[in-house]
Amino acid sequence: MLPGYPANPDSPICESDYADRTLREIAFATGLRIGQFPAYDYFGDGSFYLLDSPGHAIGHLCGLARTTGGEESTFVLLGGDICHYAGIFRPSVHLPVPDAILPHPCLPTANFPLCPGTAFVELQKARGRDSTSPLYDMTFGHDIPLAQHTATWLQELDADDRIFVIVAHDSTVRDGVDHFPESLNDWKSKGWGKTLKWAFLRDLKAYWKQQGIM
């Protein structure tokens, strides 16, 4: 992005934005990668990484925060605007829709799971999609083809049960976790990674009813 406008007429930032400030632009040239993402160890101690995630916006970044250490290290991936909805990167070839989902996405207090089974396969087939393809396509961003490619990197990390993926506009996570000043560090022991993974399927409630599986 540097230098800013007007020195660089094509820059999305202005020179006045950083006048009299020390501005350091992160360079992902160290060879460090986390999955497919070029990464930068921000504090140099493995506690927090910046992930180069282009597409939605110029210079878009994700954050990967270590939440527990040792042999059972866990992480929260702060996805920002890498995707605007969980159904844009789920399901995937790395993470197919499970046979049974509990708690039930549409009936959280029910003692029985949602079993999407062939109903989801048929839904995707009717839309010209494979059962391991995401529910929706990406439609908004600076460079949509690039953003879609970056989303495939996210899918790989999303399939790792040590990583809790949170994107900025995911209402299912908003509704399902403790809020600041409470901590997310014990997300895995509380089961949030599993219980919220498929919660977005609540948005297909009318379809599940039509298919007679809820």
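The values are calculated or read from the model by the stated rules, or taken from the named source; none is laboratory data. Treat the numbers as computed from the prediction; the structure is a model and nothing was measured. Every residue, glycine as well, gets a Cβ built from its backbone with ideal geometry; the counts of neighbours run over all protein chains shown.
Of all residues in the stretch 18-48, those being of a type in the set (Ser, Thr, Tyr) and either assigned to a loop (DSSP other than H, G, I, E, B) or touching an Asp or Glu at 6+ places or on another chain (Cβ under 6 Å) (or both) number 4.
Might you let me know whether the stretch 17-34 holds any residue that is under 27 Å from PHE89 (Cβ atoms) and crowded, with 17+ Cβ neighbours inside 10 Å? Scanning the stretch 17-34, I find at least one residue that is under 27 Å from PHE89 (Cβ atoms) and crowded, with 17+ Cβ neighbours inside 10 Å, so the answer is yes.
Could you list, in sequence order, the residues of the stretch 131-147 that are closer than 22 Å to GLY55 by Cβ and either hydroxyl-bearing (Ser, Thr, Tyr) or exposed (fewer than 13 other Cβ atoms within 10 Å of the Cβ) (or both)?
Within the stretch 131-147, THR132, SER133, TYR136, ASP137, THR139, PHE140, PRO145 qualify.
Could you tell me which residue of the stretch 49-61 is surrounded by the fewest Cβ atoms within 10 Å (Cβ to Cβ), considering only residues that are part of a loop (DSSP other than H, G, I, E, B) and of a type outside the set (Gly, Ala, Ser)? By that ranking, first place goes to ILE58. Summed over the stretch 26-63, the residues that are more than 20 Å from ASP143 (Cα to Cα), modelled with pLDDT under 95 and among the hydrophobic types (A, V, I, L, M, F, W, C) give a count of 3. Consider the stretch 189-214 and keep the residues that are in contact (Cβ under 8 Å) with a residue 40 or more places away in the chain and among the basic types (Lys, Arg). The one that is farthest from GLU122 (Cα to Cα) is LYS197. Of the residues PRO113, PRO105, PRO98, the single one that is without any contact (Cβ under 8 Å) to a residue 60 or more places away in the chain and surrounded by 14 or more Cβ atoms within 10 Å (Cβ to Cβ) is PRO113. Looking only at the stretch 4-16, which residues are surrounded by 10 or more Cβ atoms within 10 Å (Cβ to Cβ) and either part of a loop (DSSP other than H, G, I, E, B) or polar (S, T, N, Q) (or both)? Answer for the stretch 4-16, where residues must be surrounded by 10 or more Cβ atoms within 10 Å (Cβ to Cβ) and either part of a loop (DSSP other than H, G, I, E, B) or polar (S, T, N, Q) (or both): GLY4, PRO6, ALA7, ASN8, SER11, PRO12, ILE13, SER16. Among the residues making up the stretch 174-214, those that are closer than 19 Å to PRO113 by Cα and among the hydrophobic types (A, V, I, L, M, F, W, C) are TRP192, LEU196, TRP198, ALA199, PHE200, LEU201, LEU204, ALA206, TRP208, ILE213, MET214.
Residue-level check: of (1) of a type in the set (Gly, Ala, Ser); (2) farther than 16 Å from GLY87 by Cβ; (3) modelled with pLDDT under 95, GLY191 misses just (3).
Residues in the stretch 94-117 that are assigned to a loop (DSSP other than H, G, I, E, B) and hydrophobic (A, V, I, L, M, F, W, C): LEU95, VAL97, ALA100, LEU102, CYS106, LEU107, ALA110, PHE112, CYS115.
What's the total number of residues in the stretch 120-151 that are assigned to a loop (DSSP other than H, G, I, E, B) and more than 30 Å from ALA100 (Cα to Cα)?
Applying the first criterion (assigned to a loop (DSSP other than H, G, I, E, B)) to the stretch 120-151 yields 127-143.
Narrowing the set further to residues that are more than 30 Å from ALA100 (Cα to Cα) leaves 140-143.
So the count comes out to 4.
Tell me, which residue of the stretch 160-214 that is in a loop (DSSP other than H, G, I, E, B) and among the β-branched types (Val, Ile, Thr) is nearest to the chain's Cα centre (by Cα)? Talk me through it step by step, then tell me what you get.
Step one: list which residues in the stretch 160-214 are in a loop (DSSP other than H, G, I, E, B), which gives 160-162, 168-170, 177-191, 196-198, 211-214.
Those still in the list that are among the β-branched types (Val, Ile, Thr) too: 177, 213.
On the way: VAL177: 16, ILE213: 28 Å.
Filtering the stretch 160-214 for residues that are in a loop (DSSP other than H, G, I, E, B) and among the β-branched types (Val, Ile, Thr), the one nearest to the chain's Cα centre (by Cα) comes out as VAL177.
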